[in-house]
Amino acid sequence: MTVSRRALLGLTAALVPVRQSASREPSAREDATEPGPTDRTSVLSGRPRPSSGPRAAGGTMYLGTYGDGIGIATYDSKGRITGAGTIAGVPDPSFVIRDGNFLYAVNEQDAGAVTAVDISATQKVLNRQPNKGSGPCHLAKIGDHLLSANYGSGDIAVHPINPDGSLGQQTDLVKHDGSAPHAHQVVQAGKYVLGVDLGTDSVYTYTLAAGKLTLQRQAKLKSGAGPRHLVVSGAYAYVADELDGTVTVCGYDDGVLSPLSTRPTAPAGPQNYPGEILTSADGRFVYVTNRGHNSIAIFRTDGADLELIGTPSCGGDWPRHAALDPSGSLLFVANQKSNNVTTFAVDHAAGSLTQTGDFSTPTPVCVNV
C-alpha cells in the first residue's frame, strides 16, 4: 500500500476526507524521506491597453474532485460560474482533461485506473481501464494515446484511444529509477513527452511510438526541490518545485532541459507548496498557485530569469489547480480546502489579476475549461 502524503502532513478534518491512501499532498520527502461578490480591486497596476484577444463568450467547466463524479458548471464572459450537475460513476477523478466530445479522468486510488466519458449529448461513461500503477494524478492526450502519471508507484502508463473515444488496454508502463519515484505530471512538448517526478527531482524526456515510451534523457534538478508541474514556453521550461517552494527556470531545446535559475514563489512566512504553474498566451507572465501562502505568484519573464511582481490572495484555502480560459482573459483557481473556485480577470498588459467571482463546490482539485 502506498503512503499518503495527506496522512504524513496531518491535514485538518475540515478537508473532505479521502479514503484512498494514494492521495497526493505535500510532505517531507518520503525517502528520508458559498458564491458571492468579492474584492474587485486589482492587485497590480499597469498602463491599460487593449486586450491581446477577445473576451471569452463563456463555456463549460469540468471539475475534478475526490469522491464520486466529475462536476459540471458553466461560466459567462465575466467568469461567473453556475453549477450544472455531475457526471456520476467516476471514482476520485482528481485530474480531468477534455478532447472534443470526450473527457478523460484519472481514478486516483491505490489500484489506479483511467476513465473515458462521452459528453457529446447525454454524458455517459464509456469505460475504465486499470493502468497498473498507484495514485494516478495527471493525464495527457498525445496523438491517439492517453498517458497517465502515477504518483504512488512512480511510473507513466500508456493507453490507446479507440475511434469511439473509449480506452484500450495498456500498451506500456515505464517506471522512473530512484529510491522513491513519484511521477507527478506528463506533458507533450513538440515531438517529446516530458515526465516530471517529485521523488527523483527529475524531468524525463521520452519519445512515444507505437504505444511505447523510449527514454531519451533525464534532467536532474536541485536535490530536495520536489518538482511537481512544469510548463514549456518557447526556449524555456518553468518548473514548480513543491517541496522547497520555488520555480526553476530551465533552458529548453529539442527535449533537453538545462536548469538556469531558481526563485521562491512566495515571501518568507508559512510553509508553502507550489501547485499549478502556467503562462500567459504571450509568454510574458508566469502564474503559480501557492498552497500554504494561499496566493497566486505572478512572475514577469526576463530571459533566463523571473521577476516576482505580486502574490495576490487566491480567494480561498489551498489553491491546488488553476486554468486560463481559451481567451486567456480569465483565470480560474480551484481551492481544495475552502471548497470554492475563484475567478480572476487577467490584465494582459500588466499580468495582474482582479478577483471577480467565487463559486462554492465540494473539494475542487482540478478545473478544466
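The values are calculated or read from the model by the stated rules, or taken from the named source; none is laboratory data. Keep in mind that what you see is a predicted model, and the values were worked out from it rather than measured. Virtual Cβ from ideal backbone geometry, glycine too; neighbours counted across all protein chains shown. Please note that ligands, DNA and RNA were not included when accessible areas were found on the heavy atoms of the full protein model with its side chains. Shrake-Rupley method; radii C 1.70, N 1.55, O 1.52, S 1.80 Å.
For region 69-159, the ratio of Cα radius of gyration to the globular rule of thumb 2.2 N^0.38 Å stands at 1.12.
Note on D302 and K222: the model spin-label points, each 7 Å out from Cα along the C-beta direction, lie 1.7 nm apart. For A111 and A209, the difference between the fully extended length at 0.36 nm per residue and the C-alpha to C-alpha distance is 32.7 nm. Put simply, the amide H of T171, placed in the peptide plane, has neighbours under 5 Å in V158, H159, leaving out anything fewer than 5 places away on its chain. The average projected area of region 283-366, computed from the convex hull of its Cα atoms over all directions, is 5.2 nm².
Looking at region 78-200, the accessible area is 35 square angstrom per residue; that uses a 1.4 Å probe and ignores ligands, DNA and RNA. Taking one quarter of the surface of the C-alpha convex hull of region 220-365 gives a mean projected area of 8.2 nm². Here the convex hull built on the C-alpha positions of region 169-227 has a volume of 85 cubic angstrom per residue.
Round to a whole number: what % of the accessible area of region 246-351 belongs to carbon and sulfur, probe 1.4 Å? Roughly 49 percent, rounded to a whole number.
The stretch between L126 and I309 holds 61.4 nm of extra length on full extension. This uses 0.36 nm per residue minus the Cα-Cα distance. Computed extension gain for D317 through K78, at 0.36 nm per residue and net of the alpha carbon distance, reaches 83.8 nm.
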